[in-house]
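The values are calculated or read from the model by the stated rules, or taken from the named source; none is laboratory data. All values reported here derive from a predicted model rather than from experimental measurement. Counting neighbours? That spans all protein chains shown, and the Cβs are built from the backbone with ideal geometry, glycine included. When the accessible area is computed, the model is the full protein with side chains, heavy atoms only, and any ligands, DNA or RNA have been set aside. Shrake-Rupley method; radii C 1.70, N 1.55, O 1.52, S 1.80 Å.
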Amino acid sequence: MDFRPYVREHLPPLMIAREAEIVEELAQHLDEIYGEARDAGLDHGAAFARAVGALPAAADDLARALRTASTTPPGRVADRLRAKLDEPVPPSAGAFPMFSDLLRDVRYAVRTFVREPGFTAAVVITLALGIGANTAIFTLVDAALLRTLPVAEPERLVVVQRLNPRGEGWSFSYPQFVYLREHANAVVDIFAHARIDLHLSAGDLTDAPAGLLVSDNYFSALGVQPVIGRAFAQSDDAVAVLSYRFWQTRFQGDPDIAGRAVVLNGLPFTVIGVAPPRFFGVEVGRSPDVFVPLALCDRLLPDGPGAPRLPRLNTFWLNVMARLRPDVVASQAAAHTNVVYHQGRSEQAAAMSPGLARHLRQQRIAFVRGARGTHSVGEEFGRPLLILMTVVGLVLLIACANVANLLLARAAARRREVAIRAALGAGRVHLLRQCFTESLLLSAAGGALGLLFGAWSSRALTAFLVNRVLDVTLDARVLLFTVVVSVLTGLLFGAAPALRAARTDLTPAFKGEASPNASGHRLPLGRFLVSGQVAMSLVLLIGAGLFIRTLVNLRATDAGFRGDHVLLATLDPGLTRYTPEQTNAFYAELLDRVSGVSGVRSASLANFPLLRGSYVDGLSVEKSNQSSETSLCIVGPGFFETMGIAIHRGRDFSRSDHSESAKVAIINETIARRYFSGQNPLGTHIGTVGARVEIVGVIADTKYRDLRETVPNTVYLPMNQAQSTSSQRTLHVRSVADPAGMAAAVREQVHALDKNLPVEIDLFADLVDENLAQERLIATLSGFFGGLALLLTSIGLYGVIAYSVQRRTREIGIRMSLGAGRAAVLWMVLRECLMLVGLGVATGLTASFWLSRFVTRQLYGVDPVDPLTLAAAATCLIVVATLAGYVPARRASRVEPMIALRSD
Amino acid sequence: MVLSTIERRARHGYEIAKLIDQQSDGVLRFHIASLYPMLYRMERRGWIDGTWIEKAGQRRRRYYRLTPAGRKILAEQRSTWRELLTALQKVAGLEPGR
């Protein structure tokens, strides 16, 4: 006989996976009894009665026992842990009563958490999100702004600057550096570095590593010991030191690297050493691959105008730093170096033009602290990172408020337990300590998880720092930060329930009533916290809105050119020993070949693309005695067509603008407007780069260095007439279809001419992205954190309203039985929710007005108190918050009055 | 006790209950309410292993077998019981076999 239907009917649902099996097994058991009874001669009725009699009448208990028996974790470790936790703790004795008390508190707390896994998980995950976000951003702040260089005694390092009367810092010429190094040697060990473009080949390997020219004392002054081989010595000739990463990736960590021959820019070099793994030079955010001696500069650089560079008095290109000698104070050393500088200036004055001599005379030497190196990342990303730090700080506060609310609700539910403990003699201090132990344990767990989360996401975040290399490994400072944040977080969210617990009034708690003074069912503190959350979320949402609109505005801004469909190929044949004539011939040939490729609409050359690099010189305009600065572009014929820049007047450059013909230039509208106010500028002459040139065309205004700037004076000079100091050019290719598809074809054309020439291919669109790296970083992250804040806040709001509805069930029941309609109840609850939100929105708006001044510089094309953004953010928040409140409100309106009256 | 019933061969739940009932002359009786939760708990702890076995002409039954871990526990418990019994005998002045 099949007893399964009977068992299923009489056993409450178990709600576990193997329920069917259990039912079958029990049914089988009953069947055995039945079969045996029948065998013993009983009739069906009696046998059936005996069988079902085996199933206990209290089926609930059986169901519970079955459920726990089959769902307890299988691990005996867990059983043992639980058993251990349930053991009574011996009363505090011996030398460390404090310690054993603490241990007891910890065990008590852990036991409570194990019993409430859902609550514990919710709290820990909320905290991990908040703390993790802070750790991630702080890791970047630390790496970009706070960390000292991984060198010996970084605090003894200074950056040496030449300041003009306006306080602007200048770099140094090589003769200046040599003079300072020789004559200020008693107080400082001065060293210099400068970037250089390199082309490396070694066997089958060809690459274009990031090169750094360094003075021979660079490594010794920094106190950096190579991990393999040695650093530079004064007697060194053509030798190079590799970065650890370059050695690992390009030479597969070859242990015999020292002594290996490589070719750099066509010259034979010997590798003599490998720098330590974490050493990245002194410029934070950059990471040179190959270090070469400064003295070899002129042999490494291509011939051409500007060469040789080393003896030049008027080329300022070296970054100079110094290590203070022992027992020397920075201010004295700076004063002494300043004297030496002016001494050198007067000694070299005979060889200078009067203008240069005057320029140098006005300047003085200053030292800036160099422990953290020089900052390229800090300048660009410092402010955005600080804004983001504030953002994640707010997110953490919101998370704290959420957790505090959860704890408050739980504390209200645990009032009886706390009262019992108080009645049994637990003092107020003890109860407080217990509360804080719980909070700190939760925040420690959240912090540990947050650290993992932060370490992982900071690595992902470095993707936003385009072309920058940052060492984001966890260090002691990040660890300390996370610990401190976790502890503060624990104290912050733990304060609310702790104070509540300490105030517990015994009698009403035992009766299960709300204590009259704490008005427990309304959670006044909880409501305050929720309003605060709403306010902070609104601030974050408004911020996110402003930053996103900034990014959108910048993307939509009319830059004057059309960069979509443009592919860039950057080459430098000079690095592989081309003479200037060979270089020109090479480019002419390449341009012809690429223009012939199918799918190419037009192609042209420029010394560098717009938005990357700048070349500024003086500008003087004929018939107007004004002079000012101008940005320069050196371009070939067809550049404006390729970049989609409109020619407003005159003509484009052509092949007939060569070195023998009349010198010509094209100006932008800004110059035309500023200096020719309505007159025709064509045919007029301007002076720039030391030459007089005739204006033959006027083109539309375009952005030059970045998308934010107001368009500068821009003068375009034809490539065949301009003397360029570098042989590097960028080939611009406008394609008919997707430009990325042209990359292979362009590379093929370059390699058909010279298979050893490295070529760097970019899309102009990527250049725009790179240019907007900062804005993308802020917009993306503030958007993400704004969303997170909104989510946390709506959860918090839902929690508080749901809790209040639950506590007011009886009241709602009474109201309804007295005739209040469902709509009235719905509105009553919703009104409570809206009041909290309204208060929060008002506070948030006020705070936003006040805070907006700090982000004005970060915005573009949008007012910091832009009404549209404010309204959108507030509406979004109100809608989401109302939804969060609507769910419990609806539940309240569905309450059956009779059931409600019996509850509580 | 339950473990000892399946020491030699695998048995199903009803058989275990019946065996204990018979071997203790009806003094010890296991009800469904205590037997099956206990079996499931021991199974979770890895002391016993239950498998469905179908024999010709019968509905399938769940047979429980002792695992090596269960064997160890059984040995431990046997010695504990033995010690307890010895102690009881000494204290209460019971003589075995009388």
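Hey, among the residues in the stretch B:60-98 that are open to solvent by less than 70 Å² (accessible area, probe 1.4 Å) and at pLDDT below 80, which one's nearest to B:G50 (Cα to Cα)?
Among those residues, the one meeting the criterion is B:A92.
Inside the stretch A:693-705, can you point out the residues that are surrounded by fewer than 16 Cβ atoms within 10 Å (Cβ to Cβ) and closer than 19 Å to A:S631 by Cβ?
Going through the stretch A:693-705, the residues surrounded by fewer than 16 Cβ atoms within 10 Å (Cβ to Cβ) turn out to be A:694, A:705.
Passing the criteria: only A:R705.
Listed residues A:L396, A:L406; which is modelled with pLDDT under 85, under 30 Å from A:V539 (Cα atoms) and touching a Ser or Thr at 6+ places or on another chain (Cβ under 9 Å)?
Details: A:L396 fails: modelled with pLDDT under 85.
Of the residues listed, the single one that is modelled with pLDDT under 85, under 30 Å from A:V539 (Cα atoms) and touching a Ser or Thr at 6+ places or on another chain (Cβ under 9 Å) is A:L406.
Name the residues in the stretch A:754-764 that are open to solvent by 30 Å² or more (accessible area, probe 1.4 Å) and in a helix (DSSP H, G or I), would you?
Across the stretch A:754-764, there are no qualifying residues.
Kindly indicate whether any position in the stretch A:156-175 is in a strand (DSSP E or B), open to solvent by less than 30 Å² (accessible area, probe 1.4 Å) and of a type in the set (D, E, K, R).
If we filter the stretch A:156-175 for residues that are in a strand (DSSP E or B), which is where we start, we get A:157-163, A:169-170, A:172.
Next cut, open to solvent by less than 30 Å² (accessible area, probe 1.4 Å) only: A:157-160, A:162-163, A:172.
Narrowing further to those that are of a type in the set (D, E, K, R): A:162.
There is at least one residue in the stretch A:156-175 that is in a strand (DSSP E or B), open to solvent by less than 30 Å² (accessible area, probe 1.4 Å) and of a type in the set (D, E, K, R).
Hey, can you tell me all the residues within the stretch A:819-830 that are surrounded by 13 or more Cβ atoms within 10 Å (Cβ to Cβ) and either at positive phi or among the charged types (D, E, K, R) (or both)?
The one that is surrounded by 13 or more Cβ atoms within 10 Å (Cβ to Cβ) and either at positive phi or among the charged types (D, E, K, R) (or both): A:R822.
Against the condition touching a strand residue (DSSP E or B) at 6+ places or on another chain (Cβ under 9 Å) and away from chain A (no Cβ under 12 Å), how does B:L85 come out, does it pass?
On the way: touching a strand residue (DSSP E or B) at 6+ places or on another chain (Cβ under 9 Å): no; away from chain A (no Cβ under 12 Å): yes.
Answer is no for this residue.
For the stretch B:42-59, which residues satisfy the criterion of being more than 9 Å from chain A (Cβ to nearest Cβ), within 21 Å of B:R8 (Cβ to Cβ) and open to solvent by 30 Å² or more (accessible area, probe 1.4 Å)?
B:W47, B:D49, B:T51, B:I53, B:K55
Looking at A:R260 and the list (1) over 22 Å from A:V469 (Cβ atoms); (2) open to solvent by less than 50 Å² (accessible area, probe 1.4 Å), which single condition is not satisfied?
Among (1) over 22 Å from A:V469 (Cβ atoms); (2) open to solvent by less than 50 Å² (accessible area, probe 1.4 Å), the lone unmet condition for A:R260 is (2).
Pick out, from the stretch A:597-688, the strands (runs of 3 or more DSSP E) lying fully within it that include 2 or more residues that are open to solvent by less than 10 Å² (accessible area, probe 1.4 Å) and of a type in the set (V, I, T). Let's see the steps before the verdict.
Numbers: elements: A:600-606, A:616-621, A:627-635, A:647-650, A:664-668, A:685-688.
Correct list: A:627-635, A:664-668, A:685-688.
Would you be able to tell me the number of residues in the stretch A:1-33 that are over 18 Å from B:G50 (Cβ atoms) and either in contact with a strand residue (DSSP E or B) (Cβ under 8 Å, 6 or more places away or on another chain) or more than 11 Å from chain B (Cβ to nearest Cβ) (or both)?
8
Identify all residues within the stretch A:669-711 that are touching a residue at least 60 places away in the same chain (Cβ under 8 Å) and among the polar types (S, T, N, Q); write none if there are none.
Those that are touching a residue at least 60 places away in the same chain (Cβ under 8 Å) and among the polar types (S, T, N, Q): A:T684, A:T688, A:T702.
Hey, could you check the stretch A:225-250 for residues that are within 31 Å of the chain's Cα centre (by Cα) and open to solvent by less than 10 Å² (accessible area, probe 1.4 Å) and say which is nearest to A:P268 (Cα to Cα)? Can you show your working first?
Initially, the stretch A:225-250 is screened for residues within 31 Å of the chain's Cα centre (by Cα), giving A:242-250.
Among the residues that remain, those that are also open to solvent by less than 10 Å² (accessible area, probe 1.4 Å) are: A:242-243, A:246.
Values: A:L242: 15, A:S243: 19, A:F246: 18 Å.
Going through the qualifying residues, I end up with A:L242.
Out of curiosity, is B:L39 assigned to a helix (DSSP H, G or I), within 11 Å of chain A (Cβ to nearest Cβ) and in contact with a strand residue (DSSP E or B) (Cβ under 9 Å, 6 or more places away or on another chain)?
Working: assigned to a helix (DSSP H, G or I): yes; within 11 Å of chain A (Cβ to nearest Cβ): yes; in contact with a strand residue (DSSP E or B) (Cβ under 9 Å, 6 or more places away or on another chain): yes.
In short, yes.
Scan A:L767, A:L790, A:L777 and give me the residue that is part of a helix (DSSP H, G or I) and open to solvent by 20 Å² or more (accessible area, probe 1.4 Å).
Numbers: A:L767 fails: open to solvent by 20 Å² or more (accessible area, probe 1.4 Å); A:L777 fails: open to solvent by 20 Å² or more (accessible area, probe 1.4 Å).
Unique residue meeting the criteria: A:L790.
Could you count how many residues in the stretch A:474-492 are farther than 12 Å from A:A445 by Cα and touching a residue at least 12 places away in the same chain (Cβ under 8 Å)? Steps first, please.
Narrowing the stretch A:474-492 to residues farther than 12 Å from A:A445 by Cα: A:474-481, A:484-485, A:488, A:491-492.
With touching a residue at least 12 places away in the same chain (Cβ under 8 Å) added as a condition, the list becomes A:474-475, A:477-479, A:481, A:485, A:491-492.
Qualifying residue count, the stretch A:474-492: 9.
Looking only at helices (runs of 4 or more DSSP H) that fall completely inside the stretch A:1-118, which ones have 1 or more residues that are modelled with pLDDT of 70 or more and basic (K, R)?
On the way: elements: A:4-10, A:19-39, A:44-53, A:59-71, A:76-86, A:97-115.
Correct list: A:4-10, A:19-39, A:44-53, A:59-71, A:97-115.
Residue-wise test of (1) out of contact with any helix residue (DSSP H, G or I) (no Cβ under 8 Å at 6 or more places or on another chain); (2) among the polar types (S, T, N, Q); (3) within 19 Å of A:Y179 (Cα to Cα).
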{"site": "A:F232", "(1), (2), (3)": "no, no, no"}
{"site": "A:V241", "(1), (2), (3)": "no, no, no"}
{"site": "A:Y244", "(1), (2), (3)": "yes, no, no"}
{"site": "A:V271", "(1), (2), (3)": "yes, no, no"}
{"site": "A:G285", "(1), (2), (3)": "no, no, no"}
{"site": "A:V290", "(1), (2), (3)": "no, no, no"}
{"site": "A:V320", "(1), (2), (3)": "no, no, yes"}
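State whether one or more residues within the stretch A:741-753 are in contact with a Ser or Thr (Cβ under 6 Å, 6 or more places away or on another chain) and either crowded, with 18+ Cβ neighbours inside 10 Å or not basic (K, R) (or both).
Filtering the stretch A:741-753 for residues in contact with a Ser or Thr (Cβ under 6 Å, 6 or more places away or on another chain) gives A:742.
Checking the rest, the ones that are also either crowded, with 18+ Cβ neighbours inside 10 Å or not basic (K, R) (or both) come to A:742.
Yes, that holds for at least one residue.
Output the residues belonging to the stretch A:34-53 that are surrounded by fewer than 19 Cβ atoms within 10 Å (Cβ to Cβ), within 12 Å of chain B (Cβ to nearest Cβ) and not charged (D, E, K, R).
Initially, the stretch A:34-53 is screened for residues surrounded by fewer than 19 Cβ atoms within 10 Å (Cβ to Cβ), giving A:35-46, A:49-50, A:52-53.
Checking which are within 12 Å of chain B (Cβ to nearest Cβ) leaves us with A:35-36, A:52-53.
Within the stretch A:34-53, A:G35, A:V52, A:G53 qualify.
Give me a count of the residues in the stretch B:20-41 that are loosely packed, with under 12 Cβ neighbours inside 10 Å and either at pLDDT 85 or above or among the acidic types (D, E) (or both).
Of the residues in that region, 1 qualify.
Going through the stretch A:867-898 one residue at a time, which ones are surrounded by fewer than 16 Cβ atoms within 10 Å (Cβ to Cβ) and touching a Phe, Trp or Tyr at 6+ places or on another chain (Cβ under 7 Å)?
A:V887
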